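Trainee: Quick one: the structure is below, questions incoming.
The values are calculated or read from the model by the stated rules, or taken from the named source; none is laboratory data. Predicted model only: the values in this text are computed from it and were never measured. When we count neighbours, we look across all protein chains shown, and the Cβ atoms used for this are built from the backbone with ideal geometry, even at glycine.
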Amino acid sequence: MKPVNSFIHVLIFIFGLGATIQLSAQVPYDRILNAHEEPHNWLTYNGGYMSQRHSLLDQITKENVENLELKWVLQNQVFGAWQSNPIIVDGIMYVTERPNSVMAVDAVTGRVFWKYRHQNADNARVCCGANNRGVAVLNDKVYMGTLDANLLALDRINGQLLWKTEVGDVNLAYSVTMAPLAVKDKIMVGVGGGEFGIRGYVAAYDAETGEEAWKTYTIPGPGESGHDSWEGDDWEHGGAPVWITGSFDPDLNLTYWGVGNPGPDWNAGQRPGDNLYSDSVIALDADTGELTWHFQFTPNDGYDYDSVQVPVLADMIWRGEVKQLMMWANRNGYFYVLDRTNGQFLEGKPYVRVNWSSGLDENGRPIPTPQPEGEPTYPGNQGGTNWYPPSYNPNTGLFYFSAWENYATIYRAEESEYVPGQAFLGGGFSVLAPSPGAPTIGIGRTNPINNWTDEVGYASLKAMDPQTGEEAWSYNQFDVSDSGMLTTTTDVLFTGGREGYFHAIDAENGELLWNVGLGGQIVMAPVTYMVDGVQYVSVISGNSLSTFALRN
């Protein structure tokens, strides 16, 4: 750990905050554990440990949602896709800016109370933008991961840096872009850097001191179970990053994490074998980090179908029996239902066009059908969906997520040599993207070289029935969507699109209830909270965080 004065601290603390703001209130583990008992707050990345992104607030309904109006806007000071997920505690919103700033904001007015700015190392590098997806809050501290692979603890009252600990080696392109997860007395994070030949892991740190409590690698080493799924020394630089926040089942004491693709990304032949635990969900003991079970979605992935989607947990009657389930819309184009106690495969069906596999066997393992060289693979490199958080609504029993329809990629495999800190990709690709007006190959017309045709692609908000694995309804958008989901107990679903529209949709049937143009792409999920009897909904569009409530 390094001294707390090693980075610049910007403090804009304002006194006289008013009766509605309770900066001194503690956020112990029990509050997060029972987040459903205080739906006026949003205490974790996905609203609660089950990651359902479903709110019990009921002031905004299908009947009055058209009366929403803009209450305040907060402008990001750094250009680029703003992917942060706000945390709201007793009237205070904690939100990050690119690349690594944290703000405490009045959730009623948007006034900034304090701001902490972290200065990343000059050689910090990430594959896909200087993104930060948010913070965790526990007791009196706010926690943030950084692009130069550190974990920071800030004083929640004034934003002062309390400790900083190294999570990974920035010289080898390790990074932390995800929002941490606070469980009991630990702060858990995973590492990015899969495109640079890292060896991925999830690690837990003491919430008070920053000392490492445990570390679990996502690629097993010699003598460990699954190591034989790698050949030679491929495992040493095999990727398998973890860059989206996991879930937690307190009854099972298991925390669940989605694991990214193996490296090099697009040359599966260079790393023979299943390449465990890439493209998997892993279940870890929350106290020790011990691997309890895993399920691999895409063995020996050559398409960059990393499985960092959010594990959504729910208890429901499954085929006549009460089951503890996990639902997963995977980037590889299949929707899965697993038993989260042991990882047993229960259901899996495609939700978009899939041609890299002809189906799943009885254990959920894909039956590969690789396409000939020069032919398109469906879904494409970005997947049928990606990292954006889905939602599960217990009222409707449906699972909601953004999908990319009729989207494909033509891959090109090349031999790559690992060089520390440099890209380790194994080839490249051409995208056949659902992007109206953009230069494309073969979208909506015949390709004269390969003589294949296809429809124009588009975005689809899908409502899946986990009981059947079938689509209940869909809501199509003009452009692709990178937005996550939020549902409420009044069966209103909030989401957005890359074209900048913020939508309220009937969660029962997919009918549009209300929308508004905000002018910038929406690449995060909305959140909702309540202060002084008023329910708010916040969403980030472009470089602006916009907050709505009903007209007085």
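Yes or no, residue by residue, for (1) at pLDDT 95 or above; (2) farther than 20 Å from V310 by Cα; (3) of a type in the set (S, T, N, Q):
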| residue | (1), (2), (3) |
| --- | --- |
| F429 | no, yes, no |
| T446 | no, yes, yes |
| T453 | no, yes, yes |
| M464 | yes, no, no |
| Y475 | no, yes, no |
| F478 | no, yes, no |
| L486 | yes, no, no |
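Trainee: Any chance you could count how many residues in region 84-100 are over 25 Å from E38 (Cα atoms) and of a type in the set (S, T, N, Q)? Explain how you work it out, then say what you get.
Mentor: If we filter region 84-100 for residues that are over 25 Å from E38 (Cα atoms), which is where we start, we get 97-100.
Narrowing further to those that are of a type in the set (S, T, N, Q): 100.
So the answer is 1.
Trainee: Quick check on my filter: what residues within region 278-337 are basic (K, R) and touching a Gly at 6+ places or on another chain (Cβ under 8 Å)? Walk me through how you get there before you give the answer.
Mentor: First, pick out the residues of region 278-337 that are basic (K, R): 319, 323, 331.
Residue satisfying the conditions is R331 alone.
Trainee: When only residues in region 20-77 that are aliphatic (A, V, I, L, M) and part of a loop (DSSP other than H, G, I, E, B) count, which is surrounded by the fewest Cβ atoms within 10 Å (Cβ to Cβ)? Step through it out loud before you land on a result.
Mentor: Our first condition is that a residue be aliphatic (A, V, I, L, M); within region 20-77, this holds for 21, 23, 25, 27, 32-33, 35, 43, 50, 56-57, 60, 65, 68, 70, 73-74.
Checking which are part of a loop (DSSP other than H, G, I, E, B) leaves us with 21, 23, 25, 43, 50, 56-57, 60.
On the way: I21: 20, L23: 17, A25: 14, L43: 23, M50: 23, L56: 16, L57: 17, I60: 25.
Among residues in region 20-77 that are aliphatic (A, V, I, L, M) and part of a loop (DSSP other than H, G, I, E, B), the one surrounded by the fewest Cβ atoms within 10 Å (Cβ to Cβ) is A25.
Trainee: Same structure, new question: So which strands (runs of 3 or more DSSP E) are wholly in region 81-163 and hold at least 1 residues that are over 23 Å from the mean Cα position of the chain (by Cα), surrounded by fewer than 24 Cβ atoms within 10 Å (Cβ to Cβ) and of a type in the set (S, T, N, Q)? Can you show your working first?
Mentor: Working: elements: 87-89, 92-97, 101-106, 112-117, 136-138, 141-145, 150-155.
Of the strands (runs of 3 or more DSSP E) lying wholly inside region 81-163, none has at least 1 residues that are over 23 Å from the mean Cα position of the chain (by Cα), surrounded by fewer than 24 Cβ atoms within 10 Å (Cβ to Cβ) and of a type in the set (S, T, N, Q).
Trainee: Within region 339-359, how many residues turn out to be closer than 22 Å to L313 by Cα and in a strand (DSSP E or B)?
Mentor: So the first thing to find is which residues in region 339-359 are closer than 22 Å to L313 by Cα, and the list is 339-351.
Cutting the leftovers down to in a strand (DSSP E or B) gives us 339, 344-350.
Going through region 339-359 one residue at a time, the tally reaches 8.
Trainee: Determine whether D249 is over 22 Å from T341 (Cβ atoms) and surrounded by 13 or more Cβ atoms within 10 Å (Cβ to Cβ). Give the derivation first.
Mentor: Numbers: over 22 Å from T341 (Cβ atoms): no; surrounded by 13 or more Cβ atoms within 10 Å (Cβ to Cβ): yes.
So D249 does not fit the description; no.
Trainee: Can you give me the number of residues within region 200-221 that are small (G, A, S), more than 21 Å from the chain's Cα centre (by Cα) and either modelled with pLDDT under 95 or part of a strand (DSSP E or B) (or both)? Reasoning before the result, please.
Mentor: Residues of region 200-221 that are small (G, A, S), as a first pass: 200, 203-204, 207, 210, 213, 221.
Narrowing the set further to residues that are more than 21 Å from the chain's Cα centre (by Cα) leaves 207, 210, 213, 221.
Keeping just the survivors that are either modelled with pLDDT under 95 or part of a strand (DSSP E or B) (or both) gives 213.
Going through region 200-221 one residue at a time, the tally reaches 1.
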